[in-house]
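Right, one structure below, let's go through it.
The values are calculated or read from the model by the stated rules, or taken from the named source; none is laboratory data. As the structure is a computational prediction, the values presented were derived from the model and not from experiment. Neighbour counts run over all protein chains shown; Cβ positions are idealised from the backbone, glycine included.
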Amino acid sequence: MNIPGTPTLDQLRLFLAIVDCGSFAAAGRRLNRAVSVVSYGIANLEAQLGVPLFDRAGTRRPTLTEAGRAVLAEARAVAQGVDGLRATVKGLLDGLEAEVNLAVDVMLPAPRLGRVLRDFAAAFPTVTLRLHVEALGAVTALVLDGKAVIGISGPLAIGTAEIEAVAAGLVAMVPVAAPDHPLARMAPIAPGATRDHVQLVLTDRSPLTTGRDFSVMSPRTWRLADLGAKHALLREGIGWGNMPLGLIEPDLVAGTLVRLELPEQTGGLYRFSGIWRRDVPPGPAAGWLLRQFIERGRQDGDTPGMADV
């Protein structure tokens with residue numbers, strides 16, 4: 001049985017430099033080594049592996065053999081893995097977190113979340129992110145329990161003793177229903193009419209919201225923990241409910257949902273807060289992430305005539 005030896009990282013880097021530069025001489029110039037040293041290193045690598053990596057016959061330009069092509073992908077993976085390891089350790093030595101756990105409210109606009117996390121990935125390529133998307137008090141509960149170091153919470157975080165909170169924007173919430181829903185066909189909507197129809201209500205299993213309702217106007221409710229499911233049921237005409245205006249604007253334009261002009265409530269402002277535990281301040285990466293949400297939230301403007309939900 002033929003058992004290949006274990007090449008060194010230096011030998012693999014020599015091999016990759018030759019492939020990338022196109023010649024032994026060019027690889028030597030890149031690595032500031034003599035051509036003889038490069039040739040000797042590759043000869044040792046081939047001896048270690050037991051296969052020729054370059055076909056040197058009949059050409060001044062080294063050409064990868066079939067074995068060389070097979071080894072190339074693995075060599076790149078090893079080199080990149082070592083580079084990633086070194087970058088991660090450097091970050092740790094500099095005080096950078098290895099991982100950031102982030103909890104966000106399901107009402108946070110998805111485009112904003114995507115842009116912030118894209119920038120985070122570019123700024124902190126060695127930091128792993130764990131994202132939790134939750135409703136209502138579950139965001140604050142994750143931060144309190146230490147399962148998330150920072151959160152972008154709805155208004156429930158305000159007043160929690162162990163939590164520090166900074167304003168991080170808002171979304172407008174508006175009541176909507178499918179165009180064939182009885183409330184959508186009622187003009188004007190009579191006071192108290194919402195009590196006769198099923199209201200779709202977002203809920204969660206957090207102890208912070210046990211027994212509490214938010215903007216519930218009907219005794220007939222269907223309770224859902226998923227905003228996407230609520231959106232789908234609204235479009236099917238199963239009930240009426242409050243939704244983030246930015247999320248359902250395409251539906252309002254297309255006519256798949258209509259905004260309800262309720263005499264009791266025409267909508268409200270759902271305010272976000274960047275939160276963290278007072279005794280566990282965010283590290284460099286988490287702090288950067290938190291500041292991004294806060295800065296972008298400052299661009300949100302209040303909607304005239306709407307009170308806070």
Every residue in segment 47-80 that is touching a strand residue (DSSP E or B) at 6+ places or on another chain (Cβ under 8 Å) and of a type in the set (Asp, Glu), please. 55
Return only the number of the condition from (1) part of a helix (DSSP H, G or I); (2) under 23 Å from residue 185 (Cβ atoms) that residue 218 does not satisfy. (1)
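Evaluate the following for residue 19: is it free of Cβ contacts under 8 Å to residues at least 12 places away in the same chain and either under 26 Å from residue 4 (Cα atoms) or exposed (fewer than 13 other Cβ atoms within 10 Å of the Cβ) (or both)? Explain how you work it out, then say what you get.
Working: free of Cβ contacts under 8 Å to residues at least 12 places away in the same chain: no; either under 26 Å from residue 4 (Cα atoms) or exposed (fewer than 13 other Cβ atoms within 10 Å of the Cβ) (or both): yes.
No; evaluated as a whole, the condition is false for this residue.
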Across (1) under 17 Å from residue 182 (Cα atoms); (2) at pLDDT below 90; (3) of a type in the set (D, E, K, R), residue 235 clears everything bar (2)
Out of the residues in segment 40-64 that are farther than 16 Å from residue 7 by Cβ and hydroxyl-bearing (Ser, Thr, Tyr), which is surrounded by the fewest Cβ atoms within 10 Å (Cβ to Cβ)? 59
Contact list please: Cβ distance under 6 Å, first residue in segment 71-96 and modelled with pLDDT under 70, second residue not small (Gly, Ala, Ser), pairs at least six apart or on different chains. 87/126; 88/126; 91/126
Unique residue being more than 30 Å from residue 237 (Cα to Cα), modelled with pLDDT of 90 or more and among the small types (Gly, Ala, Ser) when the list is 157, 110, 123, 161: 123
Segment 292-309 - residue that is modelled with pLDDT of 90 or more and surrounded by 15 or more Cβ atoms within 10 Å (Cβ to Cβ) and, of those, nearest to residue 245 (Cα to Cα): 297
Across segment 239-264, what is the total count of residues that are in contact with a strand residue (DSSP E or B) (Cβ under 7 Å, 6 or more places away or on another chain) and either surrounded by 16 or more Cβ atoms within 10 Å (Cβ to Cβ) or among the acidic types (Asp, Glu) (or both)? 13
